Amino acid sequence: MAKKDTIRSIMNLGLVEEKATKLADKFGSKSSAMAASDADLKGVGLTADEVRKLRGTKGEKKPLAKKGGKKGKEPAPERKKIDIQIPDKVPKPSDLEVKMRKMVKDMKLELPHAVVKTIADRIEGIDVSEDRVKKIIKRSHERFMEHQMDPNESAGIIAAQSIGEPGTQMTMRTFHYAGVAEINVTLGLPRLIEIVDARRVPSTPMMEVHVRPEYCKDVEDVRKIAAGIEMTTVLDVASIETDIVNMKVLIHPDERKMQQKGISVENIYNELVKTRGLKGLVQVSGSSIVISSEEPSFKKLQRIIDDVRERKIKGIEGIKRAIIRKLGESYIIYTEGSNLARVLDQEGVDQSGTTTNAVQEIYEVLGVEAARNSIMNEAFKTLDEQGLNVDIRHIMLVADLMTNDGDVKAIGRHGISGRKSSVLARAAFEITAVHLLHAALTGEEDHLDGVAENIIVGQPVTLGTGAVNLEYKPVKRGQTND
């Protein structure tokens, strides 16, 4: 990670730029700084409160060590704790649902509670006789049993075919998202590749931020929330002029733009003063801000301009734009860029509905179960927008495979395919010679348990009819079968 990116990521934890720069200079990376001891951090100049901000937890946190005194891997930084509203109690089942569960039991049928609940919700309030309800239950049970899978069914191959065949028909274009003409989001085949590759940052990251009902009564309140989310730089609210003769940079704020963003000249001045290398060089002259170069150097002047142009004044790092759209009685804010942890902390944001298309970010903030649901939703939505109908269970299988170890893995040689126990299966995917050479050097064995390795050596796979052995004992003349 570049030093500038390291400083920015540390600042996202709530530290000022000066302290973030010192941490980046001494430790090199954000994870190393978070794993350092309290004494080392205080030696850089951090207060106890800033140490807690850096870690997101209390107390000293030392690097892990293996046996023998050698340092092991640095511990992963703890996830930022966010106060998400959760219902106090799980809703009780309705009377109809309880009655239907009893019917299922009396009819000696097996039907999941989720199916029973779905049926009960759909017929709630409709005058349906008991005999009619039993017929619905019986028919639902028949459909449920039809969709059961045999123990030796080739689930992975069928899921791969189900997703792969429609995937060849997908177009490699980008579309506007949900009627928001100002924001382009990658869809189609490139988006599906991003999902299965578990990319940390999508090519076009975006968020769908829902606003709480009490803030939707006045559109001005929604605009304030959007303004607080959208990152505003100096260049967004002011024009920048270079005075080469006097070696100065002149910033002329635009009154109209500042009023729209809720920013004053004082806000701009305060942020510029915090910028590294500009302390003592910034002055307010009338309605303008003047920055003097401390030495007569064109290179120094250009560096000042570069620092000033992209200097953040307000908003959340990574959110380039925020666009408001009304949906019924509620409002949704679509953002170009993503920063889920910071957005969920904003006042007025409905945490239960807010989401991002960055799967890895969801994993880091909300955990692996939320990431699994995100993979399913994003993949299904991508295929559905292309008019391709894929059974959700096949997508669920892919999502389960990517997240079953507690983190999000890619489907590729650096993820699932590269971790297969079979040498031949790994070699059949990519970099064949390397896998075979490494297996030969280490004396690795292949027990031919999977599909690919059995096909390679030319013998039946252990699925379907290949999962059983048939024996035929001919009857001798004069004997009969019992």
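Quick notes on this one:
- Members of region 414-439 that are in contact with a Lys or Arg (Cβ under 7 Å, 6 or more places away or on another chain) and loosely packed, with under 15 Cβ neighbours inside 10 Å: 430, 431
- Unique match (being of a type in the set (Asp, Glu), at pLDDT 80 or above and surrounded by 12 or more Cβ atoms within 10 Å (Cβ to Cβ)) among 230, 294, 271: 230
- Among the residues of region 116-137, the ones that are in contact with a helix residue (DSSP H, G or I) (Cβ under 7 Å, 6 or more places away or on another chain) and within 13 Å of residue 93 (Cβ to Cβ) come to 5 in all.
- Here 168, 174 are screened, and the one residue that is at pLDDT below 85 and under 24 Å from residue 322 (Cβ atoms) is 174.
- The listed residue being modelled with pLDDT of 90 or more and under 21 Å from the mean Cα position of the chain (by Cα), out of 322, 410, 341, 371: 371
- Scanning region 191-209 for residues that are buried (at least 19 other Cβ atoms within 10 Å of the Cβ) and assigned to a strand (DSSP E or B) yields a count of 3.
- Some residue of region 372-385 being without any contact (Cβ under 8 Å) to a residue 60 or more places away in the chain and exposed (fewer than 15 other Cβ atoms within 10 Å of the Cβ): yes
- Any hit, region 132-139, residues being surrounded by 13 or more Cβ atoms within 10 Å (Cβ to Cβ) and under 30 Å from residue 467 (Cα atoms): no
- Boolean, residue 183 is modelled with pLDDT under 80, under 23 Å from residue 348 (Cβ atoms) and surrounded by 12 or more Cβ atoms within 10 Å (Cβ to Cβ): yes
- Residue in region 230-250 that is within 36 Å of the chain's Cα centre (by Cα) and more than 17 Å from residue 307 (Cβ to Cβ) present: yes
- Selected residue (criterion: surrounded by the fewest Cβ atoms within 10 Å (Cβ to Cβ)) from residues of region 300-319 that are of a type in the set (Val, Ile, Thr) and within 23 Å of the chain's Cα centre (by Cα): 316
The values are calculated or read from the model by the stated rules, or taken from the named source; none is laboratory data. Since we're looking at a predicted model, the values are computed, not measured. Note that we place each Cβ from the backbone using ideal geometry, even for glycine, and neighbour counts take in every protein chain shown.
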